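Okay, so here's the structure we're looking at.
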Amino acid sequence: MKKRNRLFTIISLIAICLSTMLMFTSCEGIGAKPKDVMVDWKELKDPRGRFPDAGTQTGETKPQIVETKYVTDDVVIADIIPTEMGYAVDPSGATDSTDGIQQALYDCYNAGGGTVYLPAGNYAITDTIYVPSYVTLRGDWQDPDVGTEYGTIFSVWMDPSDKKEGGAFMVSGCAGIIGATVYYPFQTLYEVLPYPCTFYIEDDAMLVSLRDITVINGYRGIGTSFEIPHELLLIKNFKGTFLHYGMELNNQADVGTIENVVLSTKYWKEAAADYMNKPVEEAADSYVKENATGFIMSDLEWTCFGNVTVDGYKIGMKCIAGFRYKFAGQMVDLHIKNCQTGLLVEDADERWGMIIARSEIEGGITNAWIAKVRTMDTKISGDITEFAPGSVEQQDVDLSKINIDYNVSYKKPKAKMVIANLHKGNVTDVSAQLQKVIDEVSSLGGGIVYVPGGTYRLDKPITIPAGVELRGATSVATRELYKQCKGTLFLCYYGDEASYNAETDTAFITLAGENAGLNGIRILYPENGARDNDLNTTYTVRGNASGVYVVNSYIAASGYGIDFRNCDNHFIKSVYSCCYYNTYRLGGKDGIVMNGTNNPNMVERTMAQGLVNWMEVGKLADELTNPITRPNTQAIIVEGATNQRVYNMFSYGSKNHLVNRNSEGTTAINIGSDNLNEDEAQIVNDNADMTVINSMRFNGHSYDCVSGELKLYNRITMDEPDEKLEVVGKED
């Protein structure tokens, strides 16, 4: 009987191999191999030379709204659609699209930044696609847990290579990839081929976004340099099967966010198309569980994880020694399932460590170092092994009633757009021109005012009516960079004199009606540098209605940032800032602020024009952090709010991170403050109640509870790793 079973297995494997060979020779259209590409990768000597050059494009952008097949949180605006604009791209997958895609990305960068959009189809690539700064490569994505039509697919016809870099995509700072499904036509379980990282973060890249991505049969997923640091990596809705590792994340400075990740064999096993080399289920499960690691992490600073699943891997998460630093991060809703080893800590920052809340870890925890692993409301199945007794700490508190919506967003505007063709530079005031276009869109019943990439001077305040979105040339979060200045940058010359009153005077931008919004705009005050005698301004943005929002934006060298005090259902996400006195002032009911950073380096690192009284590069601590922000900046003030939510928010060099005043039901999750004022509190609670889950701190002290109730769950402090949960104020 055993011999017959073995014989049946051998015959089955031969049949599968033959069917795979036939598939490669007969498949046409989507999923077919590019013409003239040989099936055996070993014979693929010069793949790029086999295809026509990228050809008839003009290099000009043509901003337009794209009607996607699958639902998106935002209205998709494309500056270049290569399939419609003469680029050598082929959505059938029959010929190589590498050069055409690359040329479109470079043209978009040279035009000032924006989005290159590829409609649903299969695009064959044979070399690394480089996404330059302030450019987004975007496709149409179907969540593979919803359906398997996939949308925009990239088939990677590249030579295998056992190194990290040189894979399918390299992404630069303030750039991103959204809406992509990737598969490797040569990858099977009969001969597992090593490939570089599907997505590699360029050295020294600041603020890279990877969102809405599926990898069917990857080897290495996302990778970063071990020696050269990057900053602010944002990953959301990333799903796939990986035969070596899902992510190897090294050397990240403040502060990344990783949400809605699923690493599982299911995405290859459930692949809808035969050309994706769908494996035998048991073979895929066995290989991954014997060979693959979900996450490998070294020197990450303050990184926030939320709703992350690793299912069926040899090691779910592994922390290793870093090059510059050691791992220290915080996690909520972590699901490590069916792994041989759940969490392996070979090295981490011994000054504190990591905190994990409301999670499950199958395969146990091995802490081979002295750093703290603090868990709360976390079910651990398997052995707990400690190098230092007590280094793995379990706290039994029920956090199940805390609601976190990982897919929350703002209300999209109508899919109508008017392009604001404004004079660029720092000489001509374009305030009146811009307001005229905004009013025109309002008269149409709402929609989008699109401001193409460029630098614009504004001397007067702007009002955005209900249902209107002011949109810059980006689909992802951006900030200022040291070496280049692309994207949409507003130079604000309004409201920075001592005579202005931030409390009562008109803000630079007023969101004056329901669901008015700001998206993808960078705002800098060029005459309010750290050496200025007076750092006062009005608020940069104020909301006067429910549903107002600011996303993917930047505010720097302002005294005061965003004032949403009386705005129900307000929404703030991925705003990067340095405000001297207050960054967010929040109120109303059911508001959200998430995935943002306030850091003085937002002022230092810029190539903008016309800077006055600016600090000297390299003098950040002496000229800005220590004399200005640490004594003054209250990053987040929640005032008169009900059910305010604060997720994944970080500040560097502030006086207080979060002040909660006269408010009910405030919830803060995954918050951090580095280099806090040594005499001040990270959290101030005054006549209010607040619950905090996962907080990290360096300097200062954890809280001042003036009155009300403050619940602190799962906190950790550098050089004081034994701080534990605490309830202060009212009795439980």
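The values are calculated or read from the model by the stated rules, or taken from the named source; none is laboratory data. All of these numbers come straight from a predicted model, not from anything done at the bench. All Cβ positions, glycine included, derive from the backbone under ideal geometry; neighbour counts span all protein chains shown. Just the protein is used for accessible areas: all its heavy atoms, side chains included, with ligands, DNA and RNA removed. Shrake-Rupley method; radii C 1.70, N 1.55, O 1.52, S 1.80 Å.
Things worth noting here:
- Flag if Ala498 is surrounded by fewer than 24 Cβ atoms within 10 Å (Cβ to Cβ), at pLDDT below 95 and over 18 Å from Cys174 (Cβ atoms): yes
- Residues satisfying the stated conditions in segment 112-154, i.e. closer than 26 Å to Thr478 by Cα, of a type in the set (Asp, Glu) and open to solvent by 10 Å² or more (accessible area, probe 1.4 Å): Asp143
- Scanning segment 185-232 for residues that are crowded, with 20+ Cβ neighbours inside 10 Å, hydrophobic (A, V, I, L, M, F, W, C) and farther than 26 Å from Thr597 by Cβ gives Phe186, Val215, Ile216.
- Where strands (runs of 3 or more DSSP E) fall entirely within segment 453-530, those with at least 3 residues that are more than 27 Å from Ser409 (Cα to Cα) are at 454-458.
- Residue satisfying all of: in segment 435-476; over 16 Å from Val75 (Cβ atoms), out of contact with any Leu (no Cβ under 7 Å at 6 or more places or on another chain) and basic (Lys, Arg); least open to solvent (accessible area, probe 1.4 Å) among these: Lys460
- Considering segment 401-434, the residues that are in a helix (DSSP H, G or I) and open to solvent by less than 50 Å² (accessible area, probe 1.4 Å) include one that is farthest from Phe508 (Cα to Cα), namely Leu434.
- Identification of strands (runs of 3 or more DSSP E) wholly contained in segment 640-732 with 1 or more residues that are among the basic types (Lys, Arg) and out of contact with any helix residue (DSSP H, G or I) (no Cβ under 7 Å at 6 or more places or on another chain) yields 645-652, 656-661, 688-697, 708-717.
- Filter result (in contact with a Lys or Arg (Cβ under 8 Å, 6 or more places away or on another chain) and within 20 Å of Asn338 (Cβ to Cβ)) within segment 286-308: Val288, Lys289, Glu290, Asn291, Ala292, Thr293, Phe295, Ile296
- Scan of segment 531-561 for residues that are assigned to a strand (DSSP E or B), under 20 Å from Ile448 (Cβ atoms) and of a type in the set (A, V, I, L, M), ordered by number: Val541, Val550, Val551
- Residue match in segment 621-631 (condition: open to solvent by 10 Å² or more (accessible area, probe 1.4 Å), touching a helix residue (DSSP H, G or I) at 6+ places or on another chain (Cβ under 6 Å) and without any contact (Cβ under 8 Å) to a residue 60 or more places away in the chain): no
- Condition check for Tyr482: in contact with a helix residue (DSSP H, G or I) (Cβ under 8 Å, 6 or more places away or on another chain), aromatic (Phe, Trp, Tyr) and within 30 Å of Leu232 (Cα to Cα): no
- Residues that are open to solvent by less than 10 Å² (accessible area, probe 1.4 Å) and either at pLDDT below 95 or not polar (S, T, N, Q) (or both), drawn from segment 552-570: Tyr554, Ile555, Ala556, Ala557, Gly559, Gly561, Ile562, Asp563, Phe564, Cys567, His570
- Conditions (1) of a type in the set (Phe, Trp, Tyr); (2) at pLDDT below 95; (3) touching a strand residue (DSSP E or B) at 6+ places or on another chain (Cβ under 7 Å); number of the one not met by Tyr482: (3)
- If only residues of segment 301-316 that are assigned to a strand (DSSP E or B) and in contact with a Cys (Cβ under 9 Å, 6 or more places away or on another chain) are counted, the one that is farthest from Glu248 (Cα to Cα) is Asp311.
- Condition check for Glu248: surrounded by 24 or more Cβ atoms within 10 Å (Cβ to Cβ), among the charged types (D, E, K, R), part of a strand (DSSP E or B) and more than 14 Å from the chain's Cα centre (by Cα): no
- Subset of segment 501-518 that is in contact (Cβ under 8 Å) with a residue 60 or more places away in the chain and surrounded by fewer than 24 Cβ atoms within 10 Å (Cβ to Cβ) - its residue that is farthest from Asp568 (Cα to Cα): Ala502
- Condition met for Gly453 (more than 29 Å from the chain's Cα centre (by Cα) and touching a residue at least 40 places away in the same chain (Cβ under 8 Å)): no
- Any pair with Cβ under 9 angstrom, 6 or more apart, that starts in segment 700-720 at a residue that is within 11 Å of Ile683 (Cα to Cα) and ends at one that is open to solvent by 20 Å² or more (accessible area, probe 1.4 Å) and among the aromatic types (Phe, Trp, Tyr): Leu710/Tyr703; Leu712/Tyr703
- Checked against (1) closer than 25 Å to Cys304 by Cβ; (2) crowded, with 22+ Cβ neighbours inside 10 Å; (3) of a type outside the set (S, T, N, Q), Ala253 passes all but condition (2).
- Considering each residue of segment 335-350 in turn, at least one proves to be out of contact with any strand residue (DSSP E or B) (no Cβ under 8 Å at 6 or more places or on another chain) and over 19 Å from Asp396 (Cβ atoms).
- Neighbours by Cβ (under 6 Å, 6+ apart or cross-chain): first from segment 94-106, within 9 Å of Thr126 (Cα to Cα); second buried (at least 21 other Cβ atoms within 10 Å of the Cβ) and β-branched (Val, Ile, Thr): Asp96/Thr126; Ser97/Val89; Thr98/Ile125; Thr98/Thr126
- The residue list Thr375, Thr366 contains one member that is open to solvent by 20 Å² or more (accessible area, probe 1.4 Å), among the hydroxyl-bearing types (Ser, Thr, Tyr), outside any loop (DSSP other than H, G, I, E, B) and at pLDDT 95 or above, which is Thr366.
- Test: Ser673 is buried (at least 23 other Cβ atoms within 10 Å of the Cβ) and closer than 30 Å to Asp534 by Cβ: yes
Okay, residues lined up against (1) among the aliphatic types (A, V, I, L, M); (2) open to solvent by less than 10 Å² (accessible area, probe 1.4 Å); (3) in contact (Cβ under 8 Å) with a residue 12 or more places away in the chain; (4) in contact with a Gly (Cβ under 8 Å, 6 or more places away or on another chain):
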| site | (1), (2), (3), (4) |
| --- | --- |
| Met594 | yes, yes, yes, no |
| Val612 | yes, no, yes, yes |
| Met615 | yes, no, yes, yes |
| Gln634 | no, no, yes, no |
| Val638 | yes, yes, yes, yes |
| Met649 | yes, yes, yes, yes |
| Gly653 | no, yes, yes, no |
